[in-house]
Amino acid sequence: MLRLSNISEEEINKNMSRLTRFLEACSYQIDDDRIIIYINELKKQFEPETVRKHITTIKRFLKFINYPSVELIKPPKVPKKRKLVIKPIHVRNLIHEIDQKVRYEPLRLRAKAAVLLATTSGLRAMEVYKLMIDDIDVRNRTVFVRAEIAKDYEERITFFNEEAKQALEDYLATNPSSNLFYNLRDAFEKIDSKLRMKHMRKFFSQQSDRLGMPTAIKKILMGHVVGNEEYVALRGVDVDLEHYDFQDEEELKKIYDKYWRDFKILD
C-alpha cells in the first residue's frame, strides 16, 4: 500500500518499524484499551512531533483494516517553532569556520563548494549529496537535477551564481570522484555552527525573497508546484514569458541571473 503511494523506501521502512512496534506492544490483539495505553506510553517517551508520526502510521493501518474507532484517535498538537531566519552573515560565518577548522584541503574545498552551490541554487540537501559530476555544467552555471534524485521524481534545472562557480572550479581542480559531494559529515563534525546542508535551501528561499525574485520563479528552481495565479503573475516579469512553459532553460536563467548572478556571500 505504501509503495503504491510513491513513498520513498526510507519512509516505508520507518512506517513499518512504527507499525511493528505498535503491533508487538498490543500483542497483535487490537482493541481500544490497548491503543489508548500504547499512545499514552508514546506521549511519555517522545516529543509531540514524533508521537504524531507514530499515530499517523497507526491510523493509516487501522483505516486499512477498517477498524471502527480510528477517527476518534487524535494526534497531539505540535508546538510551533519560531521561524529560522538565515541571513548572508550566518552563511558567511559558516564558510569562514569551514576554512579555519577543516584542515584537509580537498574536504574543505568540497564543503565550501557544496554550501555555496546549495545556497545559490535551492537544491535539497539530499539532491546535493547525490549529484554526479556530469549533473553540473560549471561553465554555464547549471545543475541538472535527475528525476531519480529529485524528491518528486521530476527532473528540473536550476542554476548557481559566479561565487559558487569559482568555489566549484577550485574543488574540481582537486580531481574529485564522480560522486561530487560524498561524506560532507566529516567537515560539519569539525565546526561549531548549527547550520547544516538542509538549511542552505531555506537560505536560498529567504534570500530570493529579499532580492525580489518572483515567488513562482523561486518555486520552479526549487522544484515546487506553480499554480495558475502564479503563472499569470509571471507575465509581469521583465523577460517575456507569454509562451514560457517553465522548461525553457535560457529564459529561466535570464531571470535567475537578474537576481542571483553577482550576489556574494563572502567578503
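Each reported figure results from applying straightforward, stated rules to the coordinates on display, with no laboratory input. Computed from a prediction, not measured in an experiment: that's the story for all the values here. FYI the Cβ positions are ideal-geometry reconstructions off the backbone, even for glycines, and counts take in every protein chain you see.
Points to keep in mind about this one:
- Kirkwood radius, the chain, all distinct C-alpha pairs, inverse of mean reciprocal distance: 21.3 Å.
- Computed helical MRE - 222 nm, the chain, DSSP H runs ≥ 4 contributing -39500 (n - 2.57), nearest 500: -16000 deg cm²/dmol
- Prolate/oblate/rounded call for the range 1-133, Cα gyration tensor, a/c under 1.5 rounded: prolate
- A Gaussian network model of the chain, with springs between Cα atoms under 10 Å, assigns the largest mean-square fluctuation among H54, H96, H224 to H54.
- Gaussian network model of the chain, springs between alpha carbon atoms under 10 Å - residue of S177, S121, S17 with greatest fluctuation: S17
- Cross-link table K87/K190; K14/K165; K14/K63, entries beyond 27 Å C-alpha to C-alpha: K14/K165
- The residue list I12, V51, I65 was ranked by how far each Cα lies along the charge dipole of the range 3-72 toward its positive end, using unit charges on Cβ atoms, and I12 comes out on top.
- Summarising the amide proton neighbourhood of F159: residues at separation of 5 or more, or on other chains, whose placed amide H is nearer than 5 Å comprise V143.
- Each Lys and Arg contributes +1 and each Asp and Glu -1, all at the Cβ; summed about the Cα centre of the chain, the dipole is approximately 1400 debye.
- Projecting the Cα atoms of A164, V138, F188 onto the charge dipole of the chain (Cβ charges, centred on the Cα centre) puts F188 farthest toward the positive pole.
- For the chain: relative contact order, % (alpha-carbon pairs under 8 angstrom, 6 or more apart): 18
- Length released on extending from T20 to V85, taking residue separation times 0.36 nm less the Cα-Cα span: 19.6 nm
- The ratio of the alpha-carbon radius of gyration of the range 59-125 to the globular-protein estimate 2.2 N^0.38 Å is 2.03.
- Across the range 3-72, Cα-Cα pairs more than 18 Å apart make up 36 percent of the total.
- Here the Gaussian network model covers the chain, with springs between Cα atoms less than 10 Å apart; of K198, K80, K112, K80 fluctuates the most.
- Oblate is the label for the range 130-198, because the ratio a/c of its alpha-carbon gyration tensor axes (a ≥ b ≥ c) is 1.5 or higher and a/b is not greater than b/c.
- Length gained on full extension, R196 to M126: 24.0 nm, using 0.36 nm per residue less the C-alpha separation.
- Virtual spin-label span in nm between E10 and N40, 7 Å along Cα→Cβ: 3.6
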